[in-house]
Amino acid sequence: MKPDLSFTRREFIQTAAMAGAFATLGSSRMAAVGVNSAGAEPPQPAWVDRSMRWAQLTLVEDDPGKFDLQFWLDYFQRTRSDAACLSAGGCVAFYPTKIPFHHRSAWLANLDPFGDLVAGCRRLGMTVLARTDPHATYDDVQQAHPDWIAVDANGNPRRHGASPEMWLTCCLGPYNFEFMTEVTKEITSLYKIDGIFINRWEGSGMCYCEHCQKNFKEATGFALPRSNDPQDPARRAYILWRQQRLFDLWRLWDTEVRKINPAARVIPNTGGGAGSSLDMRAIGELAPTLMADRQARSGLAAPWANGKNGKEFRATMGRKPIIGIFSVGVEEPYRWKDSVQSEAEIRLWVADGIANDLRPWFTKFSGVLRDERWLAVVEDIYRRHARWEKYLRNESPMARVGLVYSQQTATFYTGERSTARLEDHTLGWYQALIESRLPFEMVHDRLLDAAHVDQFKTLILPNIAALSDAQCQQLRDFVARGGSIVATHETSLYDEWGVRRKDFGLADLFGVSVSGPVEGPMHNAYLRLEHDTARGHPLLKGLEDAPRIIHGVWRLGVTAKEKFPNPPVTFIPSYPDLPMEKVYPRGPKTDIPEVYLREQGPGRVIYFPWDIDRTFWEVLSLDHLKLLRNAVEWATNEEPAVRVTGPGVLDVTVWRQRESMTVHLVNLSNPMMMKGPLRELIPIGEQKVRVQLPAGRQAKRTQLLAAGVTPQFRADGPYLEIVVPSVLDHEVVAIDL
Ligand SMILES: [Zn+2]
């Protein structure tokens, strides 16, 4: 459905002014969410940066009087944990609350297990956050305050799926705004905590309660939407309004907590990548620190997914500390919450987070343990982290490549391929960059200004379809300043609301215009590598012996707006794949380029009209990997910050600390790399590391932190070369400057 543009504009102004939308303009949005311009925020409390290793104990209702307090305090000490997150209230109060309808644990009696844990952690010098969870409540609440309960589209109050004696609460109405505010204030007043960590505060899907109906109508003029189509004006308004309500709620809680303790903060459990429903840029401005709650891999997740979360959070959090929550259990849809994962799986998952600057946070449900196998594993990881701490206080990443992600594309782009999983383009690039051992960061598409992107030489746009005119201009400016761009498929073909343009917003940068629909799924199509006319072209590196390689699956029709002489890669259209007698190419060779390369002064631009990144994620063709790698290397056109040569698959990151720098090597080489859980860690052989030192600095000393040795190094101008004999899970080359 094509939206009515006159309406769109009116609604844009209306909703842009009120919401922290993905696509609204900076000043109005920031005023709306109450965030001052950068630098005007008060300094963060000291606990934010001090806390390096987090321990979360989520009590269960029957823990009071049963769980062994001293056991946990001893464990926190043994693990060198310096920060704790402890169950306080919400669904179940673990302290003697006086707030009506705040359900005390049925086992609480005259105990105060939360208070005892807080006191114990304080004796250990730990930071303490109280954990609350507002997402569910009981019959007495439902009877006294039926309007606090979430309502489904048919008008029925919603029972809790897993605990059917409970009710789901409305997150946007008085239950959160009034009742949970009182809970938050009571906990902060009674216990000298550093902050509140609020779990499951964003509701459990769409709510049609009387408050949501009334408040939404008043704010936008619409009835609550019944369709999920982001092009439906009511749905679009709802997407923005919901965000505004949640940011209002966050600010309310935070303000009330600060009135009681100025150094305390409210940190909701929120955020993520492109699929996150709250604007990460606004979150990055509001949160003093943030927890990436990706507890383990499941399904076909790759082991680098934890590091990816770190990169996504850092894109908008900047230098504020980010924390990676990991569980010790099997994380699959069947939710074995009391389970214990394999040691190797836990180790690799946490290592990849640490290599990507996530401070570790283990989370355990139940004070009474039913399986203790994880205890020694986490203790070992944490003690190693404590030994390495000096080299884990990173100042900045030294990566020169940025992989852009776009919440507005994920939210508003439906395009002709609405069924395709948008994230697959990003995952393809992520895998290709990992296999290429190229250090990279992720970049939020609403932070494309010079201050956020000029640390990079190259920005990759993996089918970032929805971009505003202003964002396109920022990308043009980036290239004008000498930056390079690698873009794929429908990048910039839609505006920030997912409305298709006549042509790419970046048509001038690409040098091509759109001229046809998306074709596909293509079967049996190929790419001809033009060695005769483009011999030695950097894009064909490693493919010198290949006359042709497989094509992708989806291809956008485009026409060059200028000459692209001697294209290195041309189109071989699909031809029948059955019967076998009919499998031969029809027609002579085409001159249609399937990749467009341009030099713009020192900047370079590469555009692939087809889904090379998405196909790579699906098929993992080595030939596509080479094209992707060659594209980034050609665009970047400089020595990478670090080059690591040797066998295996490594996640390579490179960091600057105040008086040192580090290269992290996380060994992902494992038969269970693409489908966990790992059975064992398998060491890989010798890696040669060649790293560029910061200008004007020399290496005073090098160490391999995991091996515990001080190896020889060789200086070569601004480069330092060092040999790492082996990597089991995680090695850190630490260089004192
Ligand atoms: Zn509601």
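The values are calculated or read from the model by the stated rules, or taken from the named source; none is laboratory data. Just so it is clear, the model here is predicted, and its values are computed rather than measured. No Cβ is skipped: glycine too gets one built from the backbone with ideal geometry, and neighbour counts run over all protein chains shown.
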statement: Checked region 503-555 for anything farther than 21 Å from residue 462 by Cβ, among the charged types (D, E, K, R) and in a strand (DSSP E or B); matches are 528, 548
- request: Report the residue count in region 120-140 for those that are in a strand (DSSP E or B) and within 30 Å of residue 162 (Cα to Cα).
  value: 8
- request: With the checklist (1) closer than 30 Å to residue 115 by Cβ; (2) within 16 Å of the ligand (Cβ to nearest atom); (3) crowded, with 21+ Cβ neighbours inside 10 Å in hand, flag the one item residue 220 doesn't pass.
  value: (1)
- request: Those residues that are small (Gly, Ala, Ser) and within 19 Å of residue 53 (Cα to Cα), I need them from region 68-127; list them, please.
  value: 81, 83, 84, 87, 119, 120, 125
statement: Going through region 176-201 in order, the residues found to be within 27 Å of the chain's Cα centre (by Cα), within 16 Å of the ligand (Cβ to nearest atom) and buried (at least 19 other Cβ atoms within 10 Å of the Cβ) are 176, 201
statement: Note on region 362-397: residues hydrophobic (A, V, I, L, M, F, W, C) and loosely packed, with under 14 Cβ neighbours inside 10 Å are 368, 376
message: Looking at the structure I just gave you, is residue 129 away from the ligand (no atom under 16 Å from the Cβ), over 24 Å from residue 222 (Cα atoms), free of Cβ contacts under 8 Å to residues at least 60 places away in the same chain and aliphatic (A, V, I, L, M)?
response: no
message: I need every pair where a residue in region 689-714 that is under 19 Å from residue 392 (Cβ atoms) has its Cβ under 6 Å from the Cβ of a residue that is of a type in the set (Phe, Trp, Tyr) and at pLDDT below 95, sequence separation at least 6 or different chains.
response: 702/713
- prompt: Which pairs have Cβ atoms under 8 Å, sit 6 or more apart or on different chains, and link a residue in region 45-67 that is without any contact (Cβ under 8 Å) to a residue 12 or more places away in the chain and farther than 20 Å from residue 392 by Cβ to one that is among the hydroxyl-bearing types (Ser, Thr, Tyr) and assigned to a loop (DSSP other than H, G, I, E, B)?
  reply: none
Lone qualifier among 11, 61, 41 - being modelled with pLDDT of 80 or more and outside any strand (DSSP E or B): 61
- request: Six or more apart or on different chains, Cβ under 6 Å: which pairs go from a residue in region 647-666 that's in contact (Cβ under 8 Å) with a residue 12 or more places away in the chain to one that's crowded, with 22+ Cβ neighbours inside 10 Å and acidic (Asp, Glu)? Could you list them?
  value: 651/352; 665/731; 666/352; 666/651
task: At least 1 residues that are free of Cβ contacts under 8 Å to residues at least 40 places away in the same chain and hydrophobic (A, V, I, L, M, F, W, C) in each: list the helices (runs of 4 or more DSSP H) lying fully within region 398-497 that qualify.
output: 450-453, 469-480
- line: Over region 586-637, the set of residues assigned to a helix (DSSP H, G or I), of a type outside the set (Ser, Thr, Tyr) and touching a His at 6+ places or on another chain (Cβ under 7 Å) is 612, 613, 614, 616
- line: From the option list 265, 226, 236, single residue qualifying as within 16 Å of the ligand (Cβ to nearest atom) and on the phi < 0 side of the Ramachandran plot is 226
task: Only residues that are within 20 Å of residue 400 (Cβ to Cβ) and either in contact (Cβ under 8 Å) with a residue 12 or more places away in the chain or in contact with a Gly (Cβ under 7 Å, 6 or more places away or on another chain) (or both): list them for region 717-732, please.
output: 718, 719, 720, 721
task: Please state which one of 239, 187 is part of a helix (DSSP H, G or I) and more than 24 Å from residue 158 (Cα to Cα).
output: 187
- prompt: Among the residues of region 331-343, is any under 16 Å from the mean Cα position of the chain (by Cα) and assigned to a helix (DSSP H, G or I)?
  reply: no
message: Being within 11 Å of the ligand (Cβ to nearest atom) and part of a loop (DSSP other than H, G, I, E, B): is that true of residue 207 here?
response: yes
field: Among residues of region 160-175, those that are near the ligand (Cβ under 9 Å from one of its atoms) and either among the acidic types (Asp, Glu) or more than 11 Å from residue 135 (Cβ to Cβ) (or both), counted
entry: 2
- prompt: Hey, any hits in region 214-225 for a residue that's within 23 Å of residue 154 (Cα to Cα), free of Cβ contacts under 8 Å to residues at least 24 places away in the same chain, aliphatic (A, V, I, L, M) and assigned to a helix (DSSP H, G or I)?
  reply: no
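Conditions tested, residue by residue: (1) farther than 21 Å from residue 653 by Cβ; (2) of a type outside the set (Phe, Trp, Tyr); (3) crowded, with 24+ Cβ neighbours inside 10 Å.
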| site | (1), (2), (3) |
| --- | --- |
| 306 | no, yes, yes |
| 315 | no, yes, yes |
| 320 | no, yes, no |
| 326 | no, no, yes |
| 330 | yes, yes, no |
| 335 | yes, yes, no |
| 342 | yes, yes, no |
| 348 | no, yes, yes |
| 351 | no, yes, yes |
Test: residue 284 is crowded, with 23+ Cβ neighbours inside 10 Å and at pLDDT 95 or above: no
Neighbours by Cβ (under 7 Å, 6+ apart or cross-chain): first from region 173-189, at negative phi and of a type in the set (A, V, I, L, M); second at pLDDT below 95 and within 11 Å of the ligand (Cβ to nearest atom): none
query: For region 141-155, how many residues meet the condition of being within 13 Å of the ligand (Cβ to nearest atom) and either among the aliphatic types (A, V, I, L, M) or assigned to a loop (DSSP other than H, G, I, E, B) (or both)?
result: 7
